[in-house]
Every structure is written in C-alpha cells, then in structure tokens.
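Report on one structure; see the data block that follows.
The values are calculated or read from the model by the stated rules, or taken from the named source; none is laboratory data. What you see is a predicted model; the values in this text were computed from it and never measured. Virtual Cβ from ideal backbone geometry, glycine too; neighbours counted across all protein chains shown. Ligands, DNA and RNA are stripped out before the accessible areas are found, and what is left, the full protein with its side chains, is counted by its heavy atoms. Shrake-Rupley method; radii C 1.70, N 1.55, O 1.52, S 1.80 Å.
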Amino acid sequence: MSAELLGQSRGSSHQGDSLFERSILSLAFVPVGLLLLLVALLWYDAWPALARYGVRFFTTNTWDPVFENFGAAAFIYGTVITSLLGLVIATPLAIGAALFLAAYAPEWLQGPVAFTIELLAAIPSIIYGLWGFFVLAPLMRSTVEPFLKETLGAIPILGALFSGPTIGKDLLTAGLILAIMILPTITSISREVIRSVPDNQREGMLGLGATRFEMIRYAVLPYARPGLIGAAILGLARALGETMAVTMVIGNSSTRITPSLFTPGYTLASVIANQFTEADKEIYFSAIVALSLVLLLVSLVLNVMARVLVARTTRGPLGVRN
Amino acid sequence: MSLAKPMVAERLERPVSSRGHSMQIRGLSAYYGAKKAVDGITMDIPANHITALIGPSGCGKSTVIRCLNRMHEVVRGARAEGEVLLDGENIYGPGIDPVQVRRLIGMVFQKPNPFPMMSVYDNVIAGLKLNGRLDKREADAIVERSLRQAALWDEVKDKLQASGAALSGGQQQRLCIARTLAVEPEVILMDEPASALDPISTLKIEDLMQELRERYTIVVVTHNMQQAARVSDFTAFMLAGDDRVGRLVEVGPTDEMFTRPTEKRTEDYITGRFG
Ligand SMILES: Nc1ncnc2c1ncn2[C@@H]1O[C@H](COP(=O)(O)OP(=O)(O)O)[C@@H](O)[C@H]1O
Ligand SMILES: [Mg+2]
C-alpha cells in the first residue's frame, strides 16, 4: 500500500491538507487525554487512602469503615478468583464452539449461530444477574454445590475448594455466571481469529496427509494461538470489570480469605457498587476510589496485552524477520 | 501399492527408486458449487517425468492439479467427477481415503506456506509426525536428507531451530518442497511453485525439479511458457472456452508442443498471440 493511502502524505505542501492533518491529529489525542484525566482524577481522590495505608491497602483484608481500617486484599482475591474461574470454565467451551463453527458446522448453520452468539454478548448484565439470582443461585444451593461437596469435596487437597456450608451465593456461583457472560465474547472473537488463519496453512497440512482433526491440531490452533489467548484475555478483562450480575450472586458479605469456593465474598466491582453511597467519611470514600483505580489499572494492562496478542495473529505470518 | 492401507513406515523401507509411479486422468470434470470449472480432461502422466500444465490464467490449471490429490474437494461446495488413477488404482474409487491419497501424492503450493509457529526442523518433519513419534536420530536423518534433496541444507543447517517464516521467500518454498519430500510421496504436484519468487530462486527451483525427476513423478502448473519449455518433458495445454469452462487442447512431448503443435490454438498461445 502506498504511503498516501496509509495517510502519511509526502511533505505537507498543501495548506489545507496540513491543517486537516493537524486537526485530525488533535482529535486522536482526545481519548488518550480522557484516559489520562480519568486516571489523574482517580489518583487525586485515592491518594489519601493510598498514602495512609500504603502497601497494607493491598495486603490486608480488614474492611472496617468504623475504625477506618481499609485493606482490599479480600476484594482483589474475590475479583481474581471469580474472574479466573469464569475464564477457566469459559475458554475451553468457547474455543470448542468457535472451532466447531469455523471448521465443522455446515454453512447454513454458521450465520444464525454466530448471530445468536453476538446477540448473547450484547445482553445487558442485569438480565444475567436476575437469572443468576432467581435461577442459578437456588440451583447451586440445592443441587450443584451439595453434589460437588459430596464428590470432589472428599478428595484430599482439592476438596478444600468445596467445603463449608452450601449457600448458593458465593465465589463459585459468581465465577459461573461470569463464565456464562464471557462465553459469547470469547467465542465470537475466537471464531474470527480461527477464520483469519490463511487457507494455505490448512491446505499445507492437509497436503502432507493430515486428517481434518490433525490439520486443526497442528496447523490451525498453533497459528491462531496468540489470537485465542488474546480472546481469552479480553474475556478476562470483561469478567474483571463485570459488576451487576456478580453483585447479585456473590453474597457480598465476607472479607475472609478461605480456600472454599462456597465462601460468600466481594469483588472490587461489587464492593464499589455496594458501598459508594455509604461512604460518609473522606477516608472511606478515598479507599473506595482507590479500589476503582486498582480495577482500572488491572483491566487496562490486560486489555493491552490482549490487543498485542490478537494483532500478532491477524497481521500475517509470525516470526518474520528480515 | 495399496491406497486403502499404506503405511508410511512401510514405504520408507522400500528402495525409493525401485519403480516409478504413473497417473492417468480419465474424463475428469470439476465443479465449484453448480459452476463447472473444468470439463472432460483425459491425459497420462508418465512415471519419473515432469509434466507441465500450461494455459492462460483462469483456464483451470490449478483446479485440475488439485484434483490429482483430492485437494480440490477441500474447498466448500467443490467436487470432481471422472477417474484419476495412480498406478492403475482410481483415487476417487469407493473406500479410498483422501488422507491416504495425499500422503502418496504431495503438493507444493503457489505461495510458500511454511508453518510459522514451527521451526525449520519441525516444518520438515511435520508430515511424519502425523504418523506418530519419531526417534530423534531418525528424525535428524530425515531432516538432513530432505533438506539436502531440496537444495536447502547448506543455507539452513545452522538455523534449524529458527521459525520457518524467518527464511527468504525462495528458501521458504524449498522448505515446503523438503517438507513434501520428507513423507516420501510417489508423485509431487507443484502449482506455480516459482511464481512468487525472484529469478534466482526460480532457477534454483527449476534445477531442483530436474534432480527430483530421478526419484519422483512430477506435475507442474506454470503460466510461464519458457519455464514449461525449460523444465518439462511433457506439456499439456488448457484453454477456457466462451463458456468459461477449461478444457484440454492437446498434450504431448514438450519439444513437439513448442516446435510443431498440432492445434492452431496451441500455436497461437505459444507464439504469444493471446493469453
Ligand atoms: N474457490 C473457488 N470458488 C469458485 N470458483 C473458483 C474457485 N477457484 C477457482 N475458481 C474458478 O475456476 C476457474 C479455474 O480457476 P483456476 O483453476 O484457479 O485457474 P488457473 O489456475 O488456470 O488460473 C476460474 O474460472 C475460477 O474463477
Ligand atoms: Mg492457478
């Protein structure tokens, strides 16, 4: 593609062009500026808490507005556990579904199914939340959790994950609802990534005498791997920031950190949503803003990682060096 | 040879040049969905010779060559009719597994397509790995032998662990040839193997084909007539009619085709009057 088509005009001999260029350029900085402004504002409000508690803010798990002891460890833990749980459950299912759609499903089925999946990704999270609250959580309490406790709970070390009273509104249910919510996102991105694997990679492998399964295993998946990891990370980022649905099923009660997934808990997002109206003291408010800063930075880092990975797959052959 | 159950291991034990493998195409027609792309091709592909398919762009050369190892049907909605025989056995016959066909009839594509996530080494043995574990010594030997046969060994022997995509275009194409040779096919199909390459790389590939002819039966598509004249023993000329369906005009020994073609259309094409 020529330089002009890419928008890098040679010299700026035309007055109008350069003016246009400069205004476009300044527009490009608007989102960057907004992001910096947002971080700066959060930083400003979070500073009193960060300055007062320092590292303890991240390592302790007391959250006591009365005695002004604030430690976010339990919320960070809840966020990480539920998000990872969602990711671990959703990713294999999503990639399986994407592979099925891109490689096995007949043409007539692909369009409608892909469309349905996009639609699922667009459902407002309050709807997932209501469903989780009225359907999933009761089901977890009455059936799924007792079952897990009886089976997996008996296994030595692993069993610790499935011990304690089965309440139904806990980390496990939150992780599950997150898995359901990020499944469509990961599936539809994975499908795009898999479709972007060049046919010559598939045919190259088939030409060596590979079966369809071997072709997917040895040509499609390795080529798509960075993109699939990117899809999973985007799903993770979505899970990290998800508020509504999680708040409705996570229990919002304990700041204990225990191995059991049956512990009711909090995530960063759910604690912010629950408590920001109650923050009557300056330091309480500041601590809550500090939580949102942590959440923002974590999602930012993960999103950037995802984008780099996805770009590496879709931009053509990897490992090209000249 | 048995198409229904050949084992690569078994084939590896067979002395490579024990005998040649010939193919016959009988009334081959190919379709993309409802559209017929190629009609009624009948011709022979003699063992241990190079047969070139020439003709203007869009006349169906790629379609035909892809029918020769059942790669055509990989395209959604594509199918073929007629017979293609390998040593007398119809590769479109009932009970024939296209996967086994492709193990015996290897293919090199127009655009070099090494596997970028694999090293040069792993690219070469990719096809063999499909058949199960190889021990390291055996794999080393096959990698070296295949790369030598593909005239690439000296250039890559110090970077066997580099990505296959880190090589130059010409080297990538020879890597793809090495990868095809590693599974010891009986026939090698090449669809414009040098069209994406510079003149020097092109010459290397052409020289290589001359050497490979000793051991393999080769079919090559090219739209470069000089190339066909230089490298091939037999030439088949194809042309698409007004109905945009490709047909075989004539086939014969290359020197005859280029000096005294029987068909007026062949002469017109060869002398550059169209296409
Ligand atoms: N994947 C495809 N889907 C539909 N039509 C195709 C496809 N590939 C090739 N064709 C058509 O088949 C005809 C022959 O194409 P091709 O075999 O690629 O010709 P050549 O290799 O001689 O240039 C052309 O008319 C082309 O448009
Ligand atoms: Mg072609």
Report task. Would you check if there is a residue in the stretch A:218-227 being without any contact (Cβ under 8 Å) to a residue 24 or more places away in the chain, within 14 Å of chain B (Cβ to nearest Cβ) and crowded, with 21+ Cβ neighbours inside 10 Å? Result -> yes
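State yes or no: is residue A:289 farther than 30 Å from residue A:159 by Cβ and either open to solvent by less than 10 Å² (accessible area, probe 1.4 Å) or β-branched (Val, Ile, Thr) (or both)?
Judged against the criteria, residue A:289 is a match.
Filter the stretch B:196-231 for residues that are away from chain A (no Cβ under 14 Å), within 16 Å of ligand 1 (Cβ to nearest atom) and over 17 Å from residue B:67 (Cβ atoms) and give the result. Give the steps one after another, and end with the answer.
Within the stretch B:196-231, the subset away from chain A (no Cβ under 14 Å) is B:197-218, B:220-231.
Going one step further and asking which of them are within 16 Å of ligand 1 (Cβ to nearest atom), we end up with B:220-225, B:227-228.
B:222, B:223, B:224, B:225, B:227, B:228 - these are the residues of the stretch B:196-231 that are away from chain A (no Cβ under 14 Å), within 16 Å of ligand 1 (Cβ to nearest atom) and over 17 Å from residue B:67 (Cβ atoms).
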Report task. Return the total of residues in the stretch B:136-158 being in contact with a Leu (Cβ under 7 Å, 6 or more places away or on another chain) and surrounded by fewer than 22 Cβ atoms within 10 Å (Cβ to Cβ). Result -> 4
Query raised in the report: For the stretch B:21-48, which residues satisfy the criterion of being within 12 Å of ligand 1 (Cβ to nearest atom) and on the phi > 0 side of the Ramachandran plot?
Result: B:33
Query - Qualifying residue in the stretch A:75-82 (condition: open to solvent by 30 Å² or more (accessible area, probe 1.4 Å), farther than 21 Å from residue A:269 by Cβ and not hydrophobic (A, V, I, L, M, F, W, C)) - result: no
Requested in this report: Sort out which residues of the stretch B:40-84 are more than 14 Å from chain A (Cβ to nearest Cβ), more than 14 Å from residue B:236 (Cβ to Cβ) and open to solvent by 40 Å² or more (accessible area, probe 1.4 Å), and write them in order of number.
Outcome: B:48, B:57, B:58, B:79, B:81, B:83
Query raised in the report: If you take just the helices (runs of 4 or more DSSP H) that sit entirely in the stretch A:166-243, which of them hold at least 3 residues that are of a type in the set (Ser, Thr, Tyr) and over 30 Å from residue B:110 (Cβ atoms)?
Result: A:171-195
Query raised in the report: Can you pull out the residues in the stretch B:42-63 that are within 16 Å of ligand 2 (Cβ to nearest atom) and among the charged types (D, E, K, R)?
Result: B:61
Query raised in the report: With (1) within 12 Å of chain B (Cβ to nearest Cβ); (2) under 25 Å from residue A:269 (Cα atoms) as the list, and residue A:183 as the residue in question, which single condition is left unmet?
Result: (1)
Requested in this report: Scan the strands (runs of 3 or more DSSP E) fully inside the stretch B:28-95 and keep the ones with 1 or more residues being among the charged types (D, E, K, R).
Outcome: B:35-45, B:78-86
Report summary line: Picked from the stretch B:68-92 (must be farther than 20 Å from residue B:47 by Cβ and free of Cβ contacts under 8 Å to residues at least 12 places away in the same chain), the residue nearest to the chain's Cα centre (by Cα) is B:74
Query raised in the report: Scanning the stretch B:105-124 for residues that are surrounded by fewer than 23 Cβ atoms within 10 Å (Cβ to Cβ) and more than 8 Å from chain A (Cβ to nearest Cβ), which turns out farthest from residue B:146 (Cα to Cα)?
Result: B:110
**Report entry** Residues of the stretch B:93-104 classified as within 14 Å of another protein chain (Cβ to nearest Cβ) and free of Cβ contacts under 8 Å to residues at least 12 places away in the same chain, total
**Finding:** 1
